[in-house]
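Undergrad: Sharing a structure, written as C-alpha cells. Questions coming.
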Amino acid sequence: MTPSEVMVKWRAARATNLPALTQQRWLRYVAFSVLYAAQGLPYGFIVVALPAFLAERGLSAAQIGSFIGIALLPVSMKLLVAPLMDRWSFLPMGRRRPWVLAAQLGMALSFAAFALVAQPLAHLTWLTIAGFAAYFFIAFQDVAVDGMAIDVVPLQEQARTNGVMRGSMLLGMSGSTAGVSWLLNHWGLPPTALLVSGMMVAIMVVPLLLRERPGERLLPWSSGEASAQATLSTAPNWKSIGRNLVQVLVLPSSLALAGTILACRAASGLLEAALTVITVQELGWQDTTFTQLNASGYLAAGLIGMLLGGRLVDTIGRKRAMTAAALVLMVATVLLGAGPHLWPERGVVSSYIIAYLLLDMVFTIGFYATAMALCAPRVAATQFALYMALSNFAFSVGASRLGILKDTFGSAHLLFWVAGGLALGALLLQLIQFNVHRQRLDALEK
C-alpha cells in the first residue's frame, strides 16, 4: 500500500468517526441553538440597533421605515425557496446541510458589505441593498435549518428541541440589540459590521463540522456518500412536490392545524395591536415603558423556553400544552376585558402582558413541534414554510382588524374577540390525531 493510499484511508476513517446530528442528542441541541441564535443576531442589528443609530443622526422616519421594510422583504420569499430545498441538494453532504452552509456564508458576506459604508447617511441606498441581501440569506438559512430539524430530530424530541431553538433566537435578538447598539456608538458601522460578519463565520463552523447522517461528506472533495434515507426522502421532480404537498395538506390533522393557526394567530395579532393602543394612548404609558416591559418579557420567555419550555411540552404533550396555554390566556383575557376599571393599576396590565408572553412561548413551542410532526419528509421544507406563512398572514389580519373592532365594541369588549379566537383555536386543536396522521403519511410515502 502506497503512502497516498494510507493517507486516503486514514482520512476516510477519521471522517467516519466524526459525529453526526442523527447520532447525538446533545449535538442537535448545540447545533440548532447556535444556528437559531444566528437568526436572532441580525434582527437586533438591522431592525433595532442600526435604525436607532441612524435616527439619532437625523435620518427621517420615512427613510428608516423604507430601510426596514425593504430589508425585511425576503422574509416573505420563504415559500419560493422552500421547494428548491425539497427538490435539489448535494446529497453526499446531506439533504439540508449544503443549503445551511451556503446561507450562512451569504449572511457573513452581507454583513461584511455593511463595512463598506463608512458614511451610512450619505449612502442609504447601499445600506438598504446590504440589508436586503442579509435577510435574503437569513430567509434561506431559516428554511434550511427548519428542514434539517424535521429530518434529523426524532419525533419525541421535537418539542424540547424547538424550545431550545426559539429560546436561542430570542436571546440572540436581545443580546444583539444591546451589544450592537453599544458598538455602533463607540466603534462606528464598519468595525461593528466586520465583527458581526466574523461571528457569522464562526457560527458556520458548527454545520461545517457536523454531518446530518453518518457516512456523508464533510466537504465536496471529502470521502463519503449520500445516505439511503436522504436519497429516498428527496422529491424526484416538481410534479411530485406539488402532488405530495396537496395530498398532505388535505389530511384532517393538517386542516385542523391550519384552522388552529388562523384562529390563534389572528387573536395574537389583534391582542398585540390592542395592548399598544390601550397602554400608550388610553392609559398614558410612555412608549419606552411599554417597549422595555416587552423586552424584559421576551428575555424571560426566551430563557424559560430554552431551559424549561420544551421539557414542559414534552411532559404534558403538544396538544395539551397548546390547549392549556390557549385556555389560560383566554380566561386571563376575559377577566381583563371584564375589569377595565382596574387598568389604571399598572401592575394589572403589566402582569397580563408578561403572562401573555410566557404563555405564547409555550404555545409557540408546541405549535412548531406539532407542525414538524405533521410534515411529510419529501416536502417538509415547503410544508413547514407554508405553516409559517399562514401564521404570519393570520397575525397581520388580526392586527389589521383593530380599528374597526375598537370603534365598534370599545377596548374592553375588543378583548372578548381575542378570547373567542383562542377558544376556537383550542377547539380545532383537538381534531389533530398524530398517530393516524403518521399512518397516512407512511401510506403516501409508499
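Residue-wise test of (1) in a helix (DSSP H, G or I); (2) open to solvent by 40 Å² or more (accessible area, probe 1.4 Å); (3) hydroxyl-bearing (Ser, Thr, Tyr); (4) in contact with a His (Cβ under 7 Å, 6 or more places away or on another chain).
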site	(1), (2), (3), (4)
Val117	no, no, no, yes
Ala139	yes, no, no, no
Gln156	yes, yes, no, no
Thr161	yes, no, yes, no
Arg166	yes, no, no, no
Val201	yes, yes, no, no
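Undergrad: Please give the helices (runs of 4 or more DSSP H) falling wholly within the range 311-410 in which 3 or more residues are more than 29 Å from Leu79 (Cβ to Cβ) and over 21 Å from the mean Cα position of the chain (by Cα).
TA: By residue number, 318-338, 346-374.
Undergrad: Residues of the range 236-277 being open to solvent by less than 30 Å² (accessible area, probe 1.4 Å), of a type in the set (S, T, N, Q) and closer than 23 Å to Thr364 by Cα, which ones?
TA: The answer is Ser253, Ser254, Thr260, Ser268.
Undergrad: Within the range 57-92, can you find the residues that are in a loop (DSSP other than H, G, I, E, B) and under 19 Å from Leu232 (Cβ atoms)? Walk me through how you get there before you give the answer.
TA: Kept after step one, since they are in a loop (DSSP other than H, G, I, E, B), are these residues of the range 57-92: 57-60, 72, 88-90.
Once the filter is applied, which keeps residues that are in a loop (DSSP other than H, G, I, E, B) and under 19 Å from Leu232 (Cβ atoms), the range 57-92 yields Trp88, Ser89, Phe90.
Undergrad: Which pairs have Cβ atoms under 8 Å, sit 6 or more apart or on different chains, and link a residue in the range 53-72 that is surrounded by 17 or more Cβ atoms within 10 Å (Cβ to Cβ) and modelled with pLDDT of 75 or more to one that is assigned to a helix (DSSP H, G or I) and hydroxyl-bearing (Ser, Thr, Tyr)?
TA: From the range 53-72, the pairs are Phe53/Ser181; Phe67/Thr128; Ala71/Thr128; Ala71/Tyr135; Leu72/Tyr135.
Undergrad: Under 8 Å between Cβ atoms, at least 6 apart or on separate chains: pull out the pairs that start in the range 200-226 with a residue that is hydroxyl-bearing (Ser, Thr, Tyr) and end on any residue that is open to solvent by 30 Å² or more (accessible area, probe 1.4 Å).
TA: Ser222/Arg11; Ser223/Val8; Ser223/Arg11; Ser223/Ala12; Ser223/Arg217
Undergrad: Show the residue pairs meeting these rules: Cβ distance below 8 Å; 6+ apart or different chains; first residue within the range 305-326 and under 22 Å from Leu271 (Cα atoms) and touching a residue at least 40 places away in the same chain (Cβ under 8 Å); second residue among the acidic types (Asp, Glu) and crowded, with 16+ Cβ neighbours inside 10 Å.
TA: Short answer, once both residue conditions are applied: Ala325/Asp360.
The values are calculated or read from the model by the stated rules, or taken from the named source; none is laboratory data. Note that this is a predicted model, so its numbers are computed, not measured. Reconstructed Cβ throughout: ideal geometry from the backbone, glycine too, with neighbour counts over all protein chains shown. These area figures cover heavy atoms from the full protein model, side chains too; ligands, DNA and RNA do not enter into them. Shrake-Rupley method; radii C 1.70, N 1.55, O 1.52, S 1.80 Å.
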